[in-house]
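Undergrad: Mind looking over this structure? Questions follow.
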Amino acid sequence: MAGLTRTAGAFSVTPHKISVCILLEIYAPSAQYLSYPFHSVSEHNRLGLYLLSLTKSCDDIFEPTLEELLHQLRGIGGSMDAWLTGQLIKRFSSLSSPDDLMTFFNEIRGILGNGFVQDDQIILDPNSNLGMFVRRCILAFNLLSFEGVCHLFSSIEVYCKEELCYSAQYGASDKNLESLTQYDQMDMEYVMDKATEKLELQKNACGSLPFHLHTPEALFKVTEGLLITRKEKLRTSKKTTEATPVACSSSSTVEDTLADESLFLRTNLQIQGFLMEQANKIEIHGSSFSSSPIESFLEQLQNLAPELHRVHFLRYLNKLHSDDYFSALDNLLRYFDYSAGTEGFDLVPPSTGCSMYGRYEIALLCLGMMHFRFGHPNLALEVLTEAVRVSQQLSNDTCLAYTLAAMSNLLSEMGIASTTSVLGSSYSPVTSTASSLSVQQRVYILLKESLRRADSLKLRRLVASNHLAMAKFELMHVQRPLLSFGPKASIRHKTCPVSVCKEIRLGAHLISDFSSENSTMTVDGSLSTIWLKNLQKRWGQDMFSHDSGSRKSSIFFQFYDRLVSIPGSVSQLIGASYLLRATSWELFGSAPMARMNTLVYATLFGDSSSSSDAELAYLKLIQHLALYKGYKDAFAALKIAEEKFLTVSKSKMLLLKLQLLHEHALHRGNLKLAQRMCNELGGLASTTMGVDMELKVEASLREARTLLAAKQYSQAANVAHSLFCTCHKFNLQIEKASVLLLLAEIHKKSGNAVLGLPYALASISFCQSFNLDLLKASATLTLAELWLGLGSNHAKRALDLLHGAFPMILGHGGLELRARAYIFEANCYLSDPSFSVSTDSETVLDSLRQASDELEALEYHELAAEALYLISMVYDKLGQLEKREEAAALFKMHILALENPQDVEPNMA
Amino acid sequence: MVSKESCRNEIRAAIRQLSDRCLYSAAKWAGEQLVGIEQDPSNFTPSNTRFQRGSSSIRRRFSTSESITTPQPSVGFSQAVTPLPEEDEVIDGDLYLLAKSYFDCREYRRASHVLRDQMSNKSVFLRCYALYLAGEKRKEEEMIELEGPLGKSDAINRELVSLERELSALKRSGAIDSFGLYLYGVVLKEKGNESLARASLVESVNSYPWNWSAWSELQSLCTSIEILNSLNLSNHWMKEFFLANAYQELRMHTESLAKYDYLQGIFSFSNYIQAQTAKAQYSLREFDQVEIMFEDLLRNDPYRVEDMDLYSNVLYAKEACAALSYLAHKVFLTDKYRPESCCIIGNYYSLKGQHEKAVMYFRRALKLNKKYLSAWTLMGHEYVEMKNTPAAIDAYRRAVDINPCDYRAWYGLGQAYEMMGMPFYALHYFRKSIFFLPNDSRLWIAMAKCYQTEQLYMLEEAIKCYKRAVNCTDTEGIALNQLAKLHQKLGRNEEAAFYFEKDLERMDAEGLEGPNMFEALVFLATHFKTHKKFEEAEVYCTRLLDYSGPEKEKAKSLLRGIRMAQTGFPSMDIEHFPL
């Protein structure tokens, strides 16, 4: 029960905190204390800034050792450092009995200006951050019992000893040694003795155990040992312990004597901040993040602070991302059992009312999301339903809003058919009203509910992500007018790009007002951490560069940079909005806009996003490359991306590779390879985990196209027909449009232009209502081709149609589409009887040359051959025999390549 | 085989050696077993007879009957003649004597200091042991001093490092005796090196089997049956004690009982064996028997506090307030600062419905021993009673983290979450608890109820659970009735009839009556009537006629209907005629 009674923010005095107090005394000296003559105000400020970041930084769970502290002190540099370290060590060595500690803290009290201030005295505002720190230290010291003071005293001894040992070994700061009292020197000798003793012992152990693999490392550690930071020490010795049971008896000896004292945790706040940063890291890097180091330090932390329950949560996250279901579950449950969902930071007071009963509904929410992640949608839905019910009972609206959002996310991702039974059994008003509706409608209602609640509770992040989800919903799901009763009501489906755009915009508003919600603690903490880290880095560079001016500015810049930086979750959300924008532009048919948004995402949010999102962005860019720059570039980019995302679980890279290879094979006329890729795609679509509908549709679409390329018209038509039925059955409206277009293509190729026309027209009307502009343009092109196929007397009409679609095609279309349009234009002109080649040859030749260049990049032999054929014909007419021969030779080359695709088979497969 | 005489001689020597080395609890244990051996009549001394007169007639009856039915040869476990423990050198050094008396006055550091240059095995052991205990004492103190805001309790025994170093050096050079090995094992265990600790302890008990402390340390390291079986232990009668204890901790109660039964052949008056048997019986829920055994035990050993918390649990379960208060009073006078005493008092208050006070005493017990498992669980129960679910959950979770096999705490967690209206979440905990105790009908019924809650309403799963409960011999008879009702609700009348009949049989056998009975009879009567099995229907109807109330009227009308149907009137058709 200790967990419930203790205050979370308690604070204990440690040697490190005493060091900070000493430095503070130097920073703001009390009247009777000798003050250091600071050279400039900036120097003084620098010290202040350093102290501030010391109290806030969150880069580890342990406080730094004296040695690390001195190292950093040297970093803040200038003429201060020698004096500062000297003072620090002198002050410590003057603490020779517990009574000195008492007097020390009495003196410290003097630096807090209390009423009586002299003119030139710098006082520390008791309510400032540093002042608070000092006050907390004094309070904590006053609360100590005598035993506590004794413990503090002996830990100070150890704290100093290590540093002295270090300086003795390296003779770095000899001058400090002189100021030591006899007492300290004795102790130092003792430490040295111990170290050598250990060394010998280690040698003994090595001698008797020659097979012990880690021996050299361990030996190295003892000689070098006192220099290595403590954390590393613990880790390496942990490793040794695992190595062989026999050997660890000796190696653990080292660990104990070195680490058993003076392992001081930082303040609760700093640890929480550190844990949050770690959690962020886990999330961003996902499964590519190796989980064992985190696990080992979490274990340590748990031993040292068993009442810090957040550790369990972090363990859960870690296990979640390394796909360890059982321990993830175990740790999640443990966390909520202990903390009742109420453990948070001591800055944020737990909202009143709920804490009495605990907040187990949050446990349900987390559990639901965990099940979702591990792919148990039904379990997840069950748990989330319970979460809805419990949070309604306890009127925890915040949790309810989040739960509803999670639920809608779950439903939209999984699209479970059998949800009715589950949702129907629940008693919550939200879900039960939804029980008679389809999954999509339920998703919509859940989202709306969640959005409403989040809006009224001012949960900005949730509002933003709900808006994004809404945008996604608008994008994916085709609306039909709500009042569709009776036979006369129109049952037209449509999408509404305006609302998508609106939702995305609303989502992105987040960036303007995130500052009101984020926790200042972590930002502050990480800021301080960065600052301290910079200090050290610069200290290393210092030896080589003397250019202090530029250095300063760069640091300032970085510092400033961090100041305006935004919390990870916010930037993730905004990144997601860009990705969504890219996707919606892709659908609505603007390639440049899609590309631009993806690029924005990849450059600005690539670092802060989760690796699967980053992967998606890369995927889009590569697809874009393939469409607009040809396969060579795309494959090169793919190779890079594959290396980068090798470790991501459920990687989509394989999928992309198959798609690219299929396209490539189709264009080159290597139908066997294309067929194989098709089959593999189909295999990916229905795995043991479940069937991915979209992928399945894509696979059969590609199959139909392959068949079409192989001139198996009736079979291709069959496949396309059944595909259309599937799309209709599963309400995949957008896919319907492309299937219709494909059918039109098939009929066009089979020479049955009359049959093709209705399909093309249907496709166009579909595209119109769903705002699929690019697809519409290509359907228009097909329609024009069909008209021309009816006879050359329709050439005029075909040309008009084509010119209508030209802006769209040239502005946004890919290489293939553009080339097709060019060739077709030439065809139209050529078949128009009123057109004379000899007078107007450039119109035709220009488009044809364009087409053949673009097809060259695409390696689309069939079309390229067609273009070259037309070129050579035109030259023939014009009587330019030389150019004709040139074109004909190229034509022959393409035809040959088309006929034997194997000899140039790409090595990518 | 081991004769009682040889056992006696072994133990006598062992006690001398153990107490010479200040291993007092092992000596105490050995002493208990020594007087537990049936006295051989030739050297009865007055004090012996006095001791044995105290034992109850019941036990005497048990033990004698047993010794008649199973004659001596059963004790054939160790063919190899166990060596008598070698007598120590008779003369201890003067310093050793001084050190031992310091030790006896609990001045451990002083004791070890006196022995600093002594090289004999015995002195080395005592020095190390004293040092170890000094470190332990300091650790306990520091634990309270250092208790930080986040429960930081990294207090460790600071002597472990040097002890380990010294003992491992001794071990390498071969100059270590079995006591040293025991201490080495303890040190290794504290340092978390379990496999090495096991090896050392096994070596120790193989060379000197009479040190019960070593055995119990070894037992605490045997967390699974696989580990237990992999130990390479030489045969000795002490091994049987060890195995019995280990089986019990691994929840193999019947195996453990068999071992104790067998040991009682020699140590027929051992209080220890009796208490352990009672423990095993308690786990098998034989409360009446356990109560008799504990009464008996207290008669022989009225100031015993060990294991009495278990007795109080039994009294609690039987709701014997007076007896429980008597017990609490007695242990309170004996030693009030024992976790067991606090726990007994807590139980008493809990039975009286004064939950705050009960919590206070459980807390006190936990202050005395932070890892006192049953106190955490019992405190959880109290918090549940007080409707403070978060506190209850916390307490249960601590119990589970101390011992993940504690099915009561898992069950408690499930119950707490169910109370808060989170049945689906609770299911996980019920599952856990059932995993550790799959043969308990109460757990299955609890889980079934969870499935049955209106929030989940997963009746099929509930039926499965009830079926398991029936297979586990459900003593309270809930499962059959619920099964019947569930089937009825789901419209599976055949199955419902089957279970109602079974339930009826059970109630008949136990001579019970009540609403369940009426319900079953009415259902069966109507069911058989609709299936035109009039004879059966009539039987049930006539049984119903024995009772007064609305059921009787119902039975009468049913009987009328049956008559009508039997005489051939198409009674059903009448309703269809337009009137």
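The values are calculated or read from the model by the stated rules, or taken from the named source; none is laboratory data. From a predicted model like this one, the values you see are computed outputs, not experimental measurements. We place every Cβ from the backbone using ideal geometry, glycine too, and count neighbours over all the protein chains shown.
Undergrad: For segment B:219-256, how many residues meet the condition of being crowded, with 19+ Cβ neighbours inside 10 Å and hydroxyl-bearing (S, T, Y)?
TA: Of the residues in segment B:219-256, 2 are crowded, with 19+ Cβ neighbours inside 10 Å and hydroxyl-bearing (S, T, Y).
Undergrad: Inspect all residues belonging to segment B:157-174 and state whether any of them is more than 10 Å from chain A (Cβ to nearest Cβ) and surrounded by fewer than 16 Cβ atoms within 10 Å (Cβ to Cβ).
TA: So far as segment B:157-174 goes, yes, one or more of its residues are more than 10 Å from chain A (Cβ to nearest Cβ) and surrounded by fewer than 16 Cβ atoms within 10 Å (Cβ to Cβ).
Undergrad: Could you tell me how many of the residues in segment A:478-506 are at pLDDT below 70 and buried (at least 18 other Cβ atoms within 10 Å of the Cβ)?
TA: Going through segment A:478-506 one residue at a time, the tally reaches 2.
Undergrad: Pull up segment B:105-144, narrow it to residues that are within 14 Å of chain A (Cβ to nearest Cβ) and surrounded by 15 or more Cβ atoms within 10 Å (Cβ to Cβ), then point me to the one that is modelled with the lowest pLDDT.
TA: Checking each candidate, the answer is B:E142.
Undergrad: Next up: Can you name the number of the only condition in (1) at pLDDT below 90; (2) assigned to a helix (DSSP H, G or I); (3) surrounded by fewer than 16 Cβ atoms within 10 Å (Cβ to Cβ) that B:S25 fails?
TA: In the conditions (1) at pLDDT below 90; (2) assigned to a helix (DSSP H, G or I); (3) surrounded by fewer than 16 Cβ atoms within 10 Å (Cβ to Cβ), B:S25 misses (1) alone.
Undergrad: Examine segment B:314-332 for a residue that is outside the structural domain of B:E5 (by the TED database), surrounded by fewer than 16 Cβ atoms within 10 Å (Cβ to Cβ), more than 15 Å from the chain's Cα centre (by Cα) and among the small types (G, A, S), and state whether such a residue exists.
TA: Scanning segment B:314-332 turns up at least one residue that is outside the structural domain of B:E5 (by the TED database), surrounded by fewer than 16 Cβ atoms within 10 Å (Cβ to Cβ), more than 15 Å from the chain's Cα centre (by Cα) and among the small types (G, A, S).
Undergrad: Kindly indicate which of B:L459, B:L427 is over 19 Å from the mean Cα position of the chain (by Cα), surrounded by fewer than 20 Cβ atoms within 10 Å (Cβ to Cβ) and within 14 Å of chain A (Cβ to nearest Cβ).
TA: B:L459
Undergrad: For B:F436, work out the one condition from (1) of a type in the set (F, W, Y); (2) within 13 Å of chain A (Cβ to nearest Cβ); (3) surrounded by fewer than 22 Cβ atoms within 10 Å (Cβ to Cβ) it doesn't fulfil.
TA: Just one mismatch for B:F436, condition (2).
Undergrad: Collect the residues in segment A:380-393 that are at the interface with chain B (Cβ under 9 Å from one of its Cβ atoms) and in contact with a helix residue (DSSP H, G or I) (Cβ under 6 Å, 6 or more places away or on another chain), keeping them in residue-number order.
TA: Passing the criteria: A:E382, A:V383, A:E386, A:A387, A:V390.
Undergrad: I'm checking my understanding of the structure. Among residues of segment B:175-200 that are within 17 Å of B:A130 (Cβ to Cβ) and either among the hydroxyl-bearing types (S, T, Y) or without any contact (Cβ under 8 Å) to a residue 40 or more places away in the chain (or both), which one is surrounded by the most Cβ atoms within 10 Å (Cβ to Cβ)?
TA: The selected residue is B:Y182.
Undergrad: Quick one: which helices (runs of 4 or more DSSP H) sit completely within segment B:169-256 and have at least 1 residues that are more than 30 Å from B:L284 (Cβ to Cβ) and acidic (D, E)?
TA: Answer list for segment B:169-256: B:178-190, B:194-207.
Undergrad: Here is a further query. Please go through segment A:834-846 and give me each residue that is assigned to a helix (DSSP H, G or I) and surrounded by fewer than 22 Cβ atoms within 10 Å (Cβ to Cβ), ordered by number.
TA: A:S841, A:E842, A:T843, A:L845, A:D846, listed by residue number.
Undergrad: Residue pairs, Cβ under 6 Å, 6 or more apart or interchain, first in segment A:291-308 and at the interface with chain B (Cβ under 10 Å from one of its Cβ atoms), second basic (K, R). List them.
TA: A:L304/B:K152; A:A305/B:K152
Undergrad: Tell me which helices (runs of 4 or more DSSP H) are completely within segment B:440-538 and hold 1 or more residues being without any contact (Cβ under 8 Å) to a residue 12 or more places away in the chain and among the aliphatic types (A, V, I, L, M), or say none if there are none.
TA: Where helices (runs of 4 or more DSSP H) fall fully within segment B:440-538 and carry at least 1 residues being without any contact (Cβ under 8 Å) to a residue 12 or more places away in the chain and among the aliphatic types (A, V, I, L, M), they are B:493-510.
Undergrad: Could you tell me which residue of segment B:388-399 is surrounded by the fewest Cβ atoms within 10 Å (Cβ to Cβ), considering only residues that are more than 7 Å from every other protein chain (Cβ to nearest Cβ) and free of Cβ contacts under 8 Å to residues at least 24 places away in the same chain?
TA: B:N388
Undergrad: Within segment B:406-419, can one find any residue that is outside any helix (DSSP H, G or I) and at the interface with chain A (Cβ under 10 Å from one of its Cβ atoms)?
TA: No, because not a single residue in segment B:406-419 is outside any helix (DSSP H, G or I) and at the interface with chain A (Cβ under 10 Å from one of its Cβ atoms).
Undergrad: Also, quick follow-up: Counting only residues that are in contact (Cβ under 8 Å) with a residue 40 or more places away in the chain and not in a helix (DSSP H, G or I), how many does segment A:777-822 have?
TA: So the answer is 2.
Undergrad: Of the numbered conditions (1) farther than 24 Å from B:R408 by Cβ; (2) free of Cβ contacts under 8 Å to residues at least 12 places away in the same chain; (3) assigned to a loop (DSSP other than H, G, I, E, B), B:L333 fails exactly one; give the number of that condition.
TA: (3)
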